[in-house]
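Rule-based calculations on the coordinates, nothing more; no lab input. All of these numbers come straight from a predicted model, not from anything done at the bench. Ideal geometry is used to build each Cβ from the backbone, glycine not excepted, and the neighbour counts take in all protein chains shown.
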Amino acid sequence: MIEQIFFYIFAIIAVVSAIAVVTSKSPIHSAIALIITLLQVAAIFILLRSPFLAAVQVFVYVGAVVVLFLFAVMLLDLGGEKIKEQFHQQTVLGVISSVGLFVVLLFMLSRGSLTAPTGGYTEAVLAKNTEVIGKVLFTKYIYPFEVVSLLLLVALVGAVVLVLNQKGKDGV
Amino acid sequence: MEMNIGRLIPEFIMLGGAFVLLILEFFIPKGPRKWAGVFGICLSVVTAVVLSTQGYGSALSGLFIHDAISLYFKLLFLLVTALIFYMTILYEKNIENWRGEFYSLMLFCTVGFMFLASSSDFIGFYVSLELVAITLYILATFTREKSKSVEAGLKYIVTGALSSGFLLYGISFIYGTTGQTGFTEVAALVINNGGNGYLAIGLALTVLGLTFKVSGMPFHVWAPDIYEGSPTPITALLAAGSKAAGFVVIIRILLTALGSVRAEWLVLVSVISGASLIFGNLAAMPQKNIKRMIAYAGVGSAGYLFMAVAAASTLGTGALMYYLTTYVFAITGSFIALVIFYNSEGSYTIESLAGLARRSPLLAITIFIGFLSLAGVPPLGGFIAKFYIIAAAVQQGLWALAVIGVLMAVVAMYYFLIVIRSMYLRPAINTEKIRVDNYTRILLYGINAVTVLLGMYPGPLTDWVMAIADTLFV
Amino acid sequence: MLTLTHFLILSCILFSIGVAGVMIRRNIIIVLMSLELIFNAANISLAAFAYYLESITGTVFVVFNITVAAAEVAVGLAILVAVYRRRKTVLVDQLDEMRY
Amino acid sequence: MPELGLIIEVVLIFIKVYIVGMILFMLPLPLTWLERKVAGRIQVRLGPHRVGPKGLLQPFADMVKLLLKEDIIPDKADRFLFKLAPLLAMIPAFAVFVAIPVGDTFTIPGIDYVFKLYISDMNVGVLYVLAIGGLGIYGIIFGGWASNSKYSLLGGLRSAAQMISYEVALSFAAIGVVMMSNSLSLVEIVKSQGGGFWNWNLFYLPVGPVWFLIFFIASLAEINRIPFDLPEDEGTLGSGFHTEYSGMRFSFFMLAEYIAMVTISVLAVVFFFGGWMPPIDPATFGIKVPAQIMSVWGIGWFIAKVVVFIYIFMWIRFTLPRYRYDQLMTIGWKILIPVSLITVLVTGLMRIFLT
């Protein structure tokens, strides 16, 4: 019961701020709304008995990713009124089609059922959630782990290559 | 947990090369660097040799597999990489501020392709796909002095990330249906879930996400802009490598993991196939820029390849591999010719190709053969491939698709012939001869010969691909 | 009692909002933020399935997704900066140099 | 109907949160006094001495001044963000303390009730502390942005870049601690260092001191203190992101800064100096001391260690010059991070082969 109340609080805040992300005029306000949404998602992870995910979510998403967004907005000075988006016909189309998408997804969800056999990771086993994840990450899922490390390297190199100023040849 | 790290030696060789190039970059002044390209080509050849000696089997707790399909596709990727490295050597003088990271990023991209071909698990597959995608975003934007290149990169990353989101959401529901992420485990558990709504969501979004990666309808919108704006070697990489990589995972996911619920995805894949065929080929007709035209033609090709997937048979899958092989040769051959042309002319419009036959018969014949192969004219490789695919569709009773396929082959002939007419029948605006150096000459002769041979003697390759395809349907 | 459906519906809502954001917004920064919403929706459904299926795979997958999404944002913003330097705009509809 | 035990737990948690909150709110008062006294001592002057005996009442005078001062909001500021930023700076600073243990448990004699000397022992404590601590950056960024002043903005961005850069090294140091102590829970980390000062992580030779140095340098930068206090570089930036702030809101930023200093001191003690563990445990010599006394004794040690650290931070502030911005980034990216990576490797090898 208490869990349910918490879930609804988190969910409502998450949805409202998600809507604020896509509707607010200034990217800065969008970023704030995004922070709130991401924190709610972290809270949802706690409801799903995954404190590790919640911590990682806050650490990586809220602590780093949104900061990057803010950096981009502030360094390029995009937050002010200079950049005005115009209303265009696609807005209506976009809203209608995403509502349509939502309805279809909802309909499919109502027809779905959880039939898969459950694994052995019950709540009792997951009491040491972090340790279990760590073990799995470095044994069974070592392959994606290594690929992700390559991916981070590539992203690092790429970001530097794309942005590094070459002897003042670029503007800005 | 078995690790068998030895099975990853080919990937390690490529990665080692990528790291070496990355580190050497610190010590070498900026500017063109032919040797890096040559190094990449040698590396691809060495890797291909090592790869062919590898035994089949799995590694890294079964998440990495090496089997006949991955062998075939990896060889294909290495071939593409070697050819595109060659293309880059020719292309690099066009770029001011040339930075050598380009070569190492291309090697990372190839490693990503190889990982994709070997992934046997949704998680491994997803991260490999993202490795490839992120590398390609960077490469497409690499010539950031050019306004078109950055625009292409931005469009690519927005649409690419959107499709990754779809894919991921779809995968999450497939995982929800089965509780597993390994392809074979999913295959075993998915059978009884025919009417499950979770599976329907998972399938639809996964297929849509993958459609983007191979530039099929309805997510093709990105393709022309990105092809036009990217540096030309990357356009070729997107056209040939990315498409092949996309289809190897489509084979793995739709045929291996979800093959048992073909009834669920058949309609969707058929619609995508038909729509891509019709739209891609019709939209290619009015194009003025060759890169854009090839992009739309690529959408059409995705249609044929999806048709082969929809057939879900030995013949279809074999034909798919055959098609990709001929496609790779046709695309890389034409693009190398186009790069040489661009080096002297600075343009990719169809008009500017006028009179190319007189200015450089070799370039003209290469583009001629490449495009006719893409159009599927006998006796070139592309014809055999299209023939097999349509035969597979007919064999499986996909009559409507087969008819569309035949009709669109005719349409494709039309727009490729426009280019050929321009090259052979129009008078040249600029009559200056275009010089082709001897290595390139040999290479282009070789590629043309392969394309013709694939059409005249399809036997050996057909036997090989059909044998591989057979392993999927036992 | 909280059920799987609760979480899945929440994730569907976030997913749809994200897709809507990508389609209706022209400011690329906000488009990138909407993409983050989509990834988060997928993460919620993965974590929810993992919890209700008593499997750890989904949780591990979420860890990977968070990493990948962070890398993607870094590259996306780098490209955005490159675009802004060249074109002085971040609105998608002003990026129309290539038309046929 | 929930059980009585649960209700007591919840009530106790509320009380603990209240007490910790109050202490943290009041802490800057003695700390400012101490800081100014230390400054005076180091710079051979008197420091505050007019208000009250030895100037002890000076902080109260300052407080009254800050509270009564006019609260100015710049004309073109983003008012909403301008008001929000100080709170965003302060809340994470407080929230970190949820996970901090000042001691293990205290068994109340007679009723045998086990009173926990921490608010929550999370099994992801280290991650929680780092994650929540990292959120303090938003107060700075938004404060700098909302003021609509270029000095504020530059100060805010500088400090954000600095915090992001050094968070990497700081996280590495935390990873090192986790590797040495084999747990992510702060209580477990302290417990693993029990038994005498030679068991402290600081003396986990040879990597312990290295980790401590990395942690110490990174945390100096993380809380924007000299020699890394570039965001407040008066010479070039006015006074950084809070240039436009005054009155109450300004004092919130100051409060957050002081609490951050306390947090870092506490973390240093928990990570490397054995938390509440006394340097020499009587139990190793077979002397039996009642658990209750040990608990209180432990709290005493904890506070003493923290105070020493706070003193060290102040000492450094008034003796070292400031780095240049590029030097700061060089230290972060080209020295601390590579050294951390190597140390991770060494620590890992030690864990594998020595245990």
Excluding exposed DSSP-loop trypsin sites (Lys or Arg not before Pro) (at most 14 other C-beta within 10 Å), longest clean stretch of chain C
C:1-87
Between the stretch B:100-178 and the stretch D:307-333, how far is it from one alpha carbon centroid to the other, in angstrom?
42 Å
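Could you work out the local net charge near D:GLY103, counting Lys and Arg as +1, Asp and Glu as -1, over the other residues with Cβ closer than 13 Å to its Cβ? It would help to have the intermediate numbers written out before the result.
Values: positive: D:LYS16, D:LYS116, D:LYS191, D:LYS305; negative: D:ASP104, D:ASP121.
After counting each charged neighbour, the total is +2.
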Per residue of the stretch D:24-34, what does 6.51 cos²θ - 1.76 cosθ + 1.60 with θ = phi - 60° give for ³J(HN,Hα)? Whole Hz please, x for Gly and Pro, Karplus curve as stated.
5, 5, 7, 3, x, 4, x, 5, 5, 4, 4
Give the long-range amide H neighbours of D:TYR113: residues separated by 5 or more places, or on another chain, with amide H under 5 Å away, using H modelled in the peptide plane at 1.01 Å from N.
D:ILE108
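So what's the back-of-envelope 222 nm ellipticity for chain B, counting only DSSP H runs of four-plus at -39500 (n - 2.57) apiece and dividing by all residues, rounded to 500? Don't skip to the end; give the middle numbers.
Values: 20 runs with 346 residues, N = 474.
So the calculated ellipticity at 222 nm is -24500 deg cm²/dmol.
Which of the peptides B:433-441, B:44-52, B:404-412 is most tightly packed, and how do the rest follow, going by the mean number of other Cβ atoms within 10 Å of each residue? Could the numbers behind the result be given before it?
Numbers: B:433-441: 13.0, B:44-52: 17.3, B:404-412: 19.6.
Sorting B:433-441, B:44-52, B:404-412 by mean packing, highest first, produces B:404-412, B:44-52, B:433-441.
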Compute the longest continuous run of chain D that contains no exposed GluC sites (Glu not before Pro); treat a site as exposed when its DSSP state is not H, G, I, E or B and it has at most 11 other Cβ atoms within 10 Å.
D:71-355
Return the whole-Å distance between the Cα centroid of the stretch B:1-73 and the Cα centroid of the stretch A:99-172.
25 Å
Shielding by partners, peptide B:135-146 (average Cβ within 10 angstrom, other chains):
5
Along the stretch D:83-96, Karplus-curve 3J(HN,Hα) (6.51, -1.76, 1.60; θ = phi - 60°) to the nearest Hz, with x for Gly and Pro, reads 7, 6, 4, x, 5, 4, 6, 7, 4, x, 4, 6, 5, 4
Cut-off under 5 Å, modelled amide H: who pairs with B:ASP121 long-range
B:PHE183
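Just need the relative contact order of chain B here, percent rounded to a whole number, with Cα pairs under 8 Å and 6+ apart. Let's see the in-between values first.
Numbers: 793 pairs, mean separation 64.1, N = 474.
In percent, rounded to a whole number, it is 14.
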Over the alpha-carbon set of the protein assembly as shown, divide Rg by the Kirkwood Rh and report the Rg/Rh ratio to two decimals.
1.00
Within straight-line cross-link reach of D:LYS69, lysines at Cα separation under 18 Å, skipping those fewer than 8 residues along the same chain
D:LYS83
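Place the peptides B:312-318, D:329-335, A:8-14 in order of packing, highest mean first, counting for every residue the other Cβ atoms within 10 Å and averaging per peptide.
Values: B:312-318: 22.4, D:329-335: 15.4, A:8-14: 17.1.
Peptide ranking by packing, descending: B:312-318, A:8-14, D:329-335.
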Taking the alpha-carbon centroid of each part, what is the distance from the stretch B:341-387 to the stretch D:170-208 in angstrom?
67 Å
Mean Cα-pair separation over length for the stretch C:4-91, i.e. relative contact order, pairs under 8 Å, 6 or more apart, %:
29 percent
Cα long-axis angle, helix B:314-345 against chain B (0 to 90 degrees, to the nearest 10):
30 degrees
Run the dipole for the stretch D:40-116 about the Cα centre, Lys and Arg Cβ at +1, Asp and Glu Cβ at -1, nothing else charged, and hand back the magnitude in debye, nearest 20.
460 debye
Nearest 10 degrees, 0 to 90: what angle lies between the long axis of helix D:291-317 and the longest principal axis of chain D (Cα atoms)?
30 degrees
GNM flexibility winner over chain A from A:GLY134, A:GLY112, A:GLY120 (Cα, springs under 10 Å)
A:GLY112
Of the listed links B:LYS243/B:LYS386; D:LYS65/D:LYS150; B:LYS93/B:LYS213, those spanning more than 20 angstrom between alpha carbons are D:LYS65/D:LYS150; B:LYS93/B:LYS213
Give the lysines reachable from D:LYS305 as a straight Cα distance under 23 Å; neighbours fewer than 8 places away on the same chain don't count.
D:LYS16, D:LYS37, D:LYS116, D:LYS191
How about the stretch B:167-257: which chymotrypsin sites (Phe, Trp or Tyr not before Pro) there lie in a loop by DSSP and see at most 16 other Cβ atoms within 10 Å?
none
List every residue whose amide H lies under 5 Å from the amide H of D:THR105, counting only residues 5 or more places away in sequence or on a different chain, with H placed 1.01 Å from N in the peptide plane.
D:LEU117
What is the average number of partner chain Cβ atoms found within 10 Å of a Cβ in D:15-24?
0
Once phi for every residue in the stretch B:122-127 is put through the Karplus expression 6.51 cos²θ - 1.76 cosθ + 1.60 (θ = phi - 60°), the whole-Hz ³J(HN,Hα) values, with Gly and Pro written as x, are 4, 5, x, 4, 5, 5
Within 10 Å of each Cβ in B:118-128, the average number of Cβ atoms from other chains:
6
What the Cα atoms of the stretch B:5-472 span along the principal axes, largest first and in whole Å, is 67, 54, 41
